[in-house]
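The values are calculated or read from the model by the stated rules, or taken from the named source; none is laboratory data. Everything quoted here is computed from the prediction, not taken from an experiment. Cβ placement follows ideal geometry from the backbone for every residue including glycine, while neighbour counts extend to all protein chains displayed. Ligands, DNA and RNA are excluded from the accessible area calculation, which covers all protein heavy atoms including side chains. Shrake-Rupley method; radii C 1.70, N 1.55, O 1.52, S 1.80 Å.
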Amino acid sequence: MSAPESRFVKACMTQPVDRTPVWFMRQAGRYMAEYRAIRKQYSLIEICKRPEVAAEVTITAAEILGVDAAIIFADLLLPLEVMGLPFHFSAGEGPVIEKPVRTQEDVTRLRTDRAADLGYVSEAVRLVSRHFGSGLPVIGFCGAPFTLASYMIEGGGSRNYIHTKKLMYSSPAMWNQLLSKLVAVTSVYAAEQVSAGADVIQIFDSWVGCLSVEDYRRSVLPHTTKLVKALKKTGAPVIYFGTDSATLLPSMQGTGAEVIGLDWRIPLDEGWRSLGNKGAVQGNLDPVLLFADWPELKSRAANILQRAGGRAGHIFNLGHGILPETPVENVKALARFVQEHSARTTL
Ligand code: CP3
């Protein structure tokens, strides 16, 4: 950890801070001209695999926006490659996994001994931490076992998760083996990021909201809990983020993560209440509000801060990542507004 005294890290630990920290999921991305310029030279995967370029992308986005944390530039799916599942990004289609996991043989073949080959990500973390020192905390991240398994099994994004759920319902032994393998790899991978200087780890469970509470508790929670437990040993706080997850929040809290991500579908105070007002929450502005006029955007952001009520343990963010066409000026203005509007005169 390089910035343990920062307001972002303190807020993750539900400690009082001078103002609400703010950062944005996908803060480095196509909506930003500087990122588009780099993408003209390198593919997404090339950026990820060149630590000096990934570090530059991470640093540039955080500095342009003036946010309170920098998230390392990487992709959720990188661990698939070291497990023996090659993938590529096809224009307009998103990620494509060449040979999806469907059979027992496919699961047996997955390797768990090569997490160290993702060292390029921790190298990028090291460069970013060195750049910011104690001035700005760095967020490392990894995918949650369910969301990663869904990409492996579907072969890409999905609407109904039919192959994923079919495997989960019909072949529980295979399912558990697959998720255990994912936890084995991601726990080493994320711990490496902390060793390299990451202050906090965010676990992205972007698609977990397609599950019922019962299925989540039975088939997913034990694995995610193992991952969170392993990460706790690093000493870095964990943010556990999902979308469409209003009904799952109390179960997600059961993983032991210090911070729970809230999407925009539930009012922030209601989400926090369903967590027993315990621990910290991150969120939760609809990313599409960044396309609205400033007065509307500002009043919605103010509403979220009002719902948080200045209580310790709120990190301002969107309910999901910044979309490609988002006007950069609105993102900058939003960060500044949150910082100014949440300033507290007394702690
Ligand atoms: O937040 C950040 O600034 C860090 C960078 C980051 C990327 N991917 C870079 C990226 C992060 C945190 C991710 C995580 C990720 N990757 C998730 C979980 C986050 C979420 O939104 O819930 C998922 C599901 C993926 C897999 C993935 N990668 C998808 C579905 C896509 C979109 C494909 C498309 O064409 O839009 C990507 C591509 C990707 N990863 C981009 C970026 C900036 C798109 C830009 C590009 O192609 O250069």
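Computed values, structure above
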quantity	calculated
Filtered residue count, region 225-256, keeping only those that are within 21 Å of Ala173 (Cα to Cα) and open to solvent by 20 Å² or more (accessible area, probe 1.4 Å)	2
Any hit, region 173-190, residues being free of Cβ contacts under 8 Å to residues at least 40 places away in the same chain and not small (Gly, Ala, Ser)	no
Search result, residues across region 245-304 that are more than 25 Å from Phe337 (Cα to Cα), basic (Lys, Arg) and touching a Ser or Thr at 6+ places or on another chain (Cβ under 9 Å)	Lys278
Test result for Val82, in contact (Cβ under 8 Å) with a residue 60 or more places away in the chain, in contact with a Leu (Cβ under 8 Å, 6 or more places away or on another chain) and of a type in the set (Val, Ile, Thr)	yes
Within region 304-324, considering residues that are away from the ligand (no atom under 16 Å from the Cβ) and surrounded by fewer than 22 Cβ atoms within 10 Å (Cβ to Cβ), the one nearest to Ala33 (Cα to Cα)	Leu305
Hits in region 5-48 (condition: within 11 Å of the ligand (Cβ to nearest atom) and without any contact (Cβ under 8 Å) to a residue 40 or more places away in the chain)	Tyr35, Arg36, Ile38, Arg39, Lys40, Tyr42, Glu46, Ile47
Scan of region 82-102 for residues that are within 13 Å of the ligand (Cβ to nearest atom) and either assigned to a loop (DSSP other than H, G, I, E, B) or open to solvent by 10 Å² or more (accessible area, probe 1.4 Å) (or both), ordered by number	Phe87, His88, Phe89, Ser90, Ala91, Gly92, Glu93, Gly94, Pro95, Val96
Pair list, Cβ under 7 Å, 6 or more apart: region 202-224 residue open to solvent by 60 Å² or more (accessible area, probe 1.4 Å) and outside any helix (DSSP H, G or I), other residue within 16 Å of the ligand (Cβ to nearest atom) and hydroxyl-bearing (Ser, Thr, Tyr)	Trp207/Thr147; Trp207/Ser150
Scope region 277-296; condition more than 23 Å from the chain's Cα centre (by Cα) and open to solvent by less than 50 Å² (accessible area, probe 1.4 Å); matching residues	Ala292
Residues located in region 57-77, provided they are open to solvent by less than 40 Å² (accessible area, probe 1.4 Å), out of contact with any Ser or Thr (no Cβ under 8 Å at 6 or more places or on another chain) and over 14 Å from Leu127 (Cβ atoms)	Ala61, Leu65, Gly66, Val67, Asp75, Leu77
Residue count, region 28-67 (criterion: more than 20 Å from Phe8 (Cα to Cα), over 19 Å from the mean Cα position of the chain (by Cα) and β-branched (Val, Ile, Thr))	2
Ser150 vs. criteria in a helix (DSSP H, G or I), within 12 Å of the ligand (Cβ to nearest atom), open to solvent by less than 40 Å² (accessible area, probe 1.4 Å) and not charged (D, E, K, R)	yes
Filter result for Ala54 (touching a Cys at 6+ places or on another chain (Cβ under 8 Å), within 10 Å of the ligand (Cβ to nearest atom) and either among the aliphatic types (A, V, I, L, M) or open to solvent by 80 Å² or more (accessible area, probe 1.4 Å) (or both))	yes
Residue match in region 138-147 (condition: within 20 Å of the chain's Cα centre (by Cα), more than 12 Å from the ligand (Cβ to nearest atom), closer than 30 Å to Ser6 by Cα and not in a helix (DSSP H, G or I))	no
In region 185-194, residue most open to solvent (accessible area, probe 1.4 Å) [restricted to those that are touching a Lys or Arg at 6+ places or on another chain (Cβ under 9 Å) and more than 20 Å from Gly261 (Cα to Cα)]	Ala191
Close pairs from region 266-294: first under 20 Å from Cys12 (Cβ atoms), partner acidic (Asp, Glu), Cβ under 8 Å, at least 6 apart	Gly279/Glu258; Ala280/Glu258; Gly283/Asp263; Asn284/Asp263
